[in-house]
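Here is the structure we will look at, set down as structure tokens.
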Amino acid sequence: MTSPYSPSADHRRTSSPLFGLSAPSDPDAENMDTVDLDDDLAAPEPTVDPWRASTTSISSSSRFSTPSLSGSSTKRSSKPTMSSSPTMSSTTTATTATGTLGSGSTPLVLGVAVVDFNHLIGPTVEFAYPPSLQAAISDDESLSRLLPFLALPDGAHLSEEDYSYFHCTYSPSGLQIPTNVPLSTTLFGISCNRQLASSQLVRRPSDVTRSTVQKAVIVIASQPVFGPIRDRLGVVTRAYFAQRDFTQTDILEDFYTSLESSLEGKSGEGAIYMGTSLRELVHKFRHRTLVLLKMLMLQKRVMLFGYPVEKLCTYQYSLVSLIPGLLMSLRDCGSPDLDRRAARIRPTSLRTSDRSSLLRYMGLPLNVFGKDAFFQPYMPLQQMDLLQAKSWLVGTTNQIVTQQKDCKYDLLVNIDTNVFEFADSKVERMVSLTPADRRWMDEVVRTVEETYETPEGESPSFRGSDDDLRARFEEYICAALSSIKYADFLSKGKAADISIIGQGEAASGNILLPFSEQWVSGFKTTPAYETWNGCTDPVLFDICEPRHPCEGKANAVSDLGLRLAEGFHDLHLDQQLGPTKEALSSAFAAGSSSLFRAFDGVRSEVSTRLREREEQTRARDSAPLPTDGYPSVSPPISSHSRQGIPTSTAASIAANAPQIADIKATLGGIGTGIGSFFGSRVASFRASQQANQGDESGGKTGKGLRPMSLSPSGSVGNFKGLSRQG
């Protein structure tokens, strides 16, 4: 059954007086969202799919490429974005999936550069290729000053090799510069930094005054294709350092020439996801991965702190990739001033067999990095002024950035200790997980843990892979957005006193409870929600079911168990008690070994004594009685008689002789001490008895003597018995 509010390829939107729905005024807009992902981008199509190409020409009909848009018209005006040289066309600069140098297009790879840490003046850009990139860096003083600090992060000297991901923008000075570097858009950079001993240089410049040389090789791209670039960049950087002569840059020029052609056709969604790892993200943060996603959708200020830089950046890109399509729509994330996606057109048609068409109809990706918001995977100290923005996601390795009072974060995540620090308890309660959220995340975490030991490429199952996790979070986000629309639908129908048939369990009004009503209320106050709500259909729930993926599966008992299990996991008992367990195990092993050796020595000594006693007894019993009737005294055992003793017994006696001597000395000392104690007591008792007898006979005690006072008890009898036995 088809709903009158459900769009299809053959059914156009009709007017609705209740929700203000109206048919589109522009007939061309009907077909703007029916683009197949498999279409050839090189063919002259009237539209370009933003899921395959992140940016398009301003004269294109894509809704994502409009810098300004009037409220009633869907036509775009072509506006030049940069000045061109006589050798370049003056048409609008644009970014396509596989661009090349020329008029009207921007290459995927904009150039290669080298940053050197000069010991006298600090980090500087010492090489850039091709001339187009070199001209842009020379023209933009801010870019040339900031790029070295982005490429050589703080603490780069602590590792042999590290990578840094960063964003920057090009702002021309107004002069006519022969460059095809796009302006007013985000440029994506990846750098590989290494260090080399100065003594190994073939040619040592005069300004090298320290024992090591630090450099970074950079690739500037128009899309975040870090995954396909990273491995190639690492190989070229190592080869560049192996030359030991940094004036030889031919290898870098050849690298740029081959990189563009090798990335042809690899700028789509799959290639961009190559640089992320959702399995690592969920394994690291477990249930709190959903907390990070909720913070991102609320457009809060989130800062990640830790080392190394590559892991820091990868966590952030993996988090951003949880929102479908967001990695392909990061043109505005490089600066708080960029907001080209603010005006978006509501789709009026849908092809359910096309995932991109379905996600566009759902209003995805969300515009979380719009006006007064930015995303910087690695932020140096030189960019701290950007923290004045209302919303950001940044990473840093410097504690100075985390201690800025004027630019306070909402959430600080320490990736080394896995500690989440909220600046406001209200925000913490807003993004706390509900029982349904916790149950859903527990299934996700268990899926990852079961398959985490198996490498991503070697896993025979789809379960637990990055694609599986991405599909799960996509389902969660779509369900949350659909539930928001359905809750609004019910509230409007109730306010208009309209009976809605087929509400089911949603009639109770708690459809948003599994997602957290506080979080939904906070999301409705964000600019991202305003943009999303304005470009999506009011009856979005006709396409996606408005219910939590784990609705009805969680109860109080299971939720308490999940809370306790996750709490124990957060304590990291295995890690904290590990040294103690090792110390106790070592001490127990050493003590047991010493104790067993001591018992073995005593046992062997006792066995030897018993054998000697038995041999003496047998020898005495076997001796004949003398004729005179007196018992004969057995002569001492001579060396000849000892030959009857087994060799093993003699060897054991000789080996244990030191231990036997120690045991004898110890036992003798203990016996002597006990004997002296009781002897002194008996002597004192006898002296007191004699004194008492003297008192009875003479009535006086000896001068200067004080009798020992002993109370008449059973102990006296015992001592008397001892004295009589002595």
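The table below gives the values:
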item	result
Filtered residues of segment 279-296 (kept if open to solvent by less than 10 Å² (accessible area, probe 1.4 Å) and among the aliphatic types (A, V, I, L, M))	281, 282, 290, 292, 293, 295
Total residues in segment 510-543, condition more than 30 Å from the chain's Cα centre (by Cα) and among the polar types (S, T, N, Q)	4
Segment 389-419 - residue that is hydroxyl-bearing (Ser, Thr, Tyr), in a loop (DSSP other than H, G, I, E, B) and within 18 Å of the chain's Cα centre (by Cα) and, of those, surrounded by the fewest Cβ atoms within 10 Å (Cβ to Cβ)	417
Given (1) open to solvent by 60 Å² or more (accessible area, probe 1.4 Å); (2) at positive phi; (3) of a type outside the set (D, E, K, R), number of the condition residue 491 does not satisfy	(2)
Odd one out for residue 379, checked against (1) among the aliphatic types (A, V, I, L, M); (2) open to solvent by less than 10 Å² (accessible area, probe 1.4 Å); (3) in contact (Cβ under 8 Å) with a residue 60 or more places away in the chain	(3)
Residues that are in contact with a Cys (Cβ under 9 Å, 6 or more places away or on another chain) and either farther than 16 Å from residue 378 by Cβ or among the aromatic types (Phe, Trp, Tyr) (or both), drawn from segment 159-181	163, 165, 166
Residue within segment 439-451 that is out of contact with any strand residue (DSSP E or B) (no Cβ under 9 Å at 6 or more places or on another chain), closer than 22 Å to residue 300 by Cβ, open to solvent by 30 Å² or more (accessible area, probe 1.4 Å) and modelled with pLDDT of 85 or more present	no
Qualifying residue in segment 198-216 (condition: of a type outside the set (Phe, Trp, Tyr), in contact with a strand residue (DSSP E or B) (Cβ under 6 Å, 6 or more places away or on another chain) and under 28 Å from residue 265 (Cα atoms))	yes
Some residue of segment 102-117 being of a type outside the set (A, V, I, L, M, F, W, C), at pLDDT below 85, surrounded by fewer than 18 Cβ atoms within 10 Å (Cβ to Cβ) and within 30 Å of residue 397 (Cα to Cα)	no
Segment 394-449, residues that are among the basic types (Lys, Arg) and without any contact (Cβ under 8 Å) to a residue 24 or more places away in the chain	405, 426, 446
Restricting segment 507-542 to residues that are in a loop (DSSP other than H, G, I, E, B) and out of contact with any helix residue (DSSP H, G or I) (no Cβ under 8 Å at 6 or more places or on another chain), the residue that is modelled with the lowest pLDDT	510
Only one of 201, 143 that is open to solvent by 10 Å² or more (accessible area, probe 1.4 Å), farther than 22 Å from residue 256 by Cβ and of a type in the set (A, V, I, L, M, F, W, C)	201
Restricting segment 260-278 to residues that are closer than 17 Å to residue 477 by Cβ and crowded, with 22+ Cβ neighbours inside 10 Å, the residue that is modelled with the highest pLDDT	278
Filter result for residue 234 (open to solvent by less than 10 Å² (accessible area, probe 1.4 Å), in a helix (DSSP H, G or I) and touching a residue at least 24 places away in the same chain (Cβ under 8 Å))	yes
Top-ranked residue in segment 151-177 [being over 21 Å from the mean Cα position of the chain (by Cα) and open to solvent by 50 Å² or more (accessible area, probe 1.4 Å); ranked as farthest from residue 333 (Cα to Cα)]	160
Extreme residue, most open to solvent (accessible area, probe 1.4 Å), among residues of segment 420-438 that are closer than 16 Å to residue 293 by Cα and in a loop (DSSP other than H, G, I, E, B)	432
Among (1) touching an Asp or Glu at 6+ places or on another chain (Cβ under 6 Å); (2) among the polar types (S, T, N, Q); (3) assigned to a helix (DSSP H, G or I) - the single one residue 134 does not satisfy	(1)
Options 350, 359, 386, 412; residue that is within 23 Å of residue 475 (Cβ to Cβ) and modelled with pLDDT of 90 or more	359
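Residue-wise test of (1) at pLDDT 95 or above; (2) among the basic types (Lys, Arg).
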{"position": "167", "(1), (2)": "yes, no"}
{"position": "173", "(1), (2)": "no, no"}
{"position": "178", "(1), (2)": "no, no"}
{"position": "185", "(1), (2)": "no, no"}
{"position": "198", "(1), (2)": "no, no"}
{"position": "209", "(1), (2)": "no, no"}
{"position": "215", "(1), (2)": "no, yes"}
{"position": "223", "(1), (2)": "no, no"}
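This table checks each residue for (1) touching a residue at least 60 places away in the same chain (Cβ under 8 Å); (2) polar (S, T, N, Q); (3) within 24 Å of residue 230 (Cβ to Cβ).
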| residue | (1), (2), (3) |
| --- | --- |
| 171 | no, yes, no |
| 178 | yes, no, no |
| 181 | yes, no, yes |
| 194 | no, no, yes |
| 199 | no, yes, no |
| 209 | yes, yes, no |
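The values are calculated or read from the model by the stated rules, or taken from the named source; none is laboratory data. What you see is a predicted model, and the numbers here were worked out from it, not measured in a lab. Every residue, glycine among them, receives a Cβ derived from its backbone with ideal geometry; neighbour counts consider all protein chains shown. These area figures cover heavy atoms from the full protein model, side chains too; ligands, DNA and RNA do not enter into them. Shrake-Rupley method; radii C 1.70, N 1.55, O 1.52, S 1.80 Å.
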